[in-house]
1. Please give, to one decimal in nm, the separation of the simple spin-label points placed at Asn270 and Thr63, each 7 Å out from Cα toward the Cβ.
2. Any of Lys351/Lys438; Lys191/Lys219; Lys35/Lys72; Lys185/Lys218; Lys72/Lys445 with alpha carbons more than 20 Å apart? Name them for me.
3. Over the Cα atoms of region 408-467, Rg to Rh with Kirkwood Rh, two decimal places?
4. For the chain, what is the convex hull (Cα atoms) projected area averaged across all directions, in square nanometres?
5. With no other cysteine's Cβ closer than 4.7 Å, which Cys residues of the chain count as lacking a disulfide-compatible partner?
6. Once you put a point 7 Å from the Cα of Asp221 and another 7 Å from the Cα of Arg449, both along the Cβ direction, what distance in nm separates them?
7. What distance in nm separates the two pseudo spin-label positions at Val116 and Glu192, each 7 Å out from Cα along the beta-carbon direction?
8. Under 8 Å for C-alpha pairs, at least 6 residues apart: give me the relative contact order for the chain, rounded to a whole percent.
Amino acid sequence: MKFTPEKYLIPDEPEKPFIDAEEIEKILKTARPEKSHVRDVIARSLDKNRLSMQETAILINTTDPDLISEIKEGAGRLKKTVYGNRIVLFAPLYIGNKCVNNCRYCGFRVSNKDAVRVTLDKQQIIDEVAALEEQGQKRLILVYGEHPDYNPQYIADTVRTVYSVRKGNGEIRRVNINAAPQSIKGFRVIKESGIGTYQIFQETYHPAVYQQYHPSGKKQDYDYRLCSLDRAQLAGLDDVGIGALFGLYKWQFEVMAMIRHTNHLEACFNVGPHTISFPRLQNALSVNIPEEYRVHDDDFTRMIAILRLAVPYTGMILTAREPAHIRDELFQYGISQIDGGTRIEIGGYTKKGIYQQNLDKEQFLINDNRSLNEIIDELLDKGQLPSFCTACYRLGRTGEHFMEFSVPGFIRNFCTPNAMLTLAEYLEDYAPDNTAVKGWQAIEKELTRLNGQVSKSEIRHRLERIRTGERDIYF
């Protein structure tokens with residue numbers, strides 16, 4: 001049954017939660033990963049059908065090494081079919097770390113007196129964005145602590161500031177948000193600033209475990225957080241991202257819960273999450289989390305392959321929390337977006353000298369310190385196509401409209417050409433000579449094998465326009 005706006009006359013009224021922990025545990029307990037069942041589920045996904053919770057549980061419960069290899073192979077085939085070989089690049093920009101919550105896994109929690117509280121002022125934001133533009137960045141996610149100072153109007157104002165910055169040929173064309181849940185009214189204020197995706201991570205979907213890790217603060221309200229993206233949808237903000245912090249509870253449960261969350265959004269609003277994120281718990285200042293639910297590399301790579309099969313058309317984000325070798329491997333199994341040149345210290349992009357990670361100033365440690373160009377260079381070496389594309393958002397291909405294009409598979413007719421155009425901009429404006437040579441070779445290779453609705457001659461024409469100085473050309 002679809003939700004109706006009348007149920008939300010009080011913007012902050014919590015909706016009845018849609019996660020049933022006992023139901024999820026029962027499905028996991030009873031799913032039988034018979035070889036024929038596993039292969040049937042993989043085949044269904046390769047036909048580009050989103051998997052049910054029961055089907056996902058069959059893949060999760062698979063322990064046979066040969067079948068796990070088939071799951072990964074299937075995920076790789078599906079990713080190539082839906083997304084091609086493109087990888088979308090972005091950068092996080094931490095605006096402020098004031099916080100009223102007391103999350104036991106986070107270095108920014110209110111009870112941590114060792115954390116240095118900082119909020120960028122307007123000029124500092126401008127300076128940070130200019131530094132990011134000088135790298136060649138076109139897509140940012142702004143990250144805020146959960147604090148009354150970071151209210152909807154403040155967030156909207158910072159977004160407008162980011163969009164206003166121009167450095168040479170640089171500009172930020174898409175600003176995504178990772179911030180506190182809002183009321184319907186608050187989401188509307190933020191939407192009017194022209195944001196892309198609004199991310200809210202549930203951290204752990206298990207209600208009882210959630211309470212253990214969130215003893216105080218607004219974030220203590222599980223139901224309010226769980227239903228926050230319903231309010232975003234009702235506010236007209238139809239491009240949303242979900243996620244969980246893996247390491248707080250069993251990864252098998254969290255994966256199932258994210259599938260349930262996807263089902264819920266699709267049933268109620270006819271569109272699922274635009275992205276799914278799955279950060280793994282990392283070290284943080286004055287944080288000591290039990291090792292019981294830590295997700296090891298083998299399970300992590302298998303988990304991401306399962307998620308790719310379960311949600312064929314959802315973007316999957318892997319951040320610089322993960323080391324380079326893990327990120328490079330997971331491109332094969334379903335990752336479609338990564339950050340590059342990441343600095344999570346507030347003000348870190350304008351710091352002089354060698355960047356030193358410091359738990360006194362950060363929420364957690366990052367494990368991939370490569371520059372944006374180093375990542376682009378290595379992506380090209382591995383046959384991947386770096387992309388800074390923002391066309392779908394700017395042309396209104398979001399929410400249901402995005403699904404109209406992406407579910408039949410037509411999105412590749414836009415994504416690959418736009419990836420080539422945005423890569424060409426980077427090569428002309430920012431890349432060292434050796435990267436530029438490899439990049440243009442990669443574009444030519446993509447052109448020779450492109451088979452879509454957009455003509456190769458039109459793409460070549462637009463590439464030539466970029467070579468002669470035009471910018472921001474897209475399909």
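Derivation of every value follows stated rules applied to the coordinates shown; laboratory data play no part. From a predicted model like this one, the values you see are computed outputs, not experimental measurements. Ideal geometry is used to build each Cβ from the backbone, glycine not excepted, and the neighbour counts take in all protein chains shown.
1. Rounded to a tenth, the inter-label distance reads 4.5 nm.
2. From the list (Lys351/Lys438; Lys191/Lys219; Lys35/Lys72; Lys185/Lys218; Lys72/Lys445), the Cα-Cα distance tops 20 Å for Lys351/Lys438; Lys191/Lys219; Lys72/Lys445.
3. My calculation puts Rg/Rh at 0.98.
4. The orientation-averaged projected area of the Cα hull of the chain comes to 21.1 nm².
5. For the chain, the answer is Cys99, Cys227, Cys268, Cys389, Cys392, Cys415, because their Cβ atoms have no other cysteine Cβ under 4.7 Å.
6. 5.1
7. Between Val116 and Glu192, the label points sit 3.7 nm apart.
8. It comes to 20 percent, rounded to a whole number.
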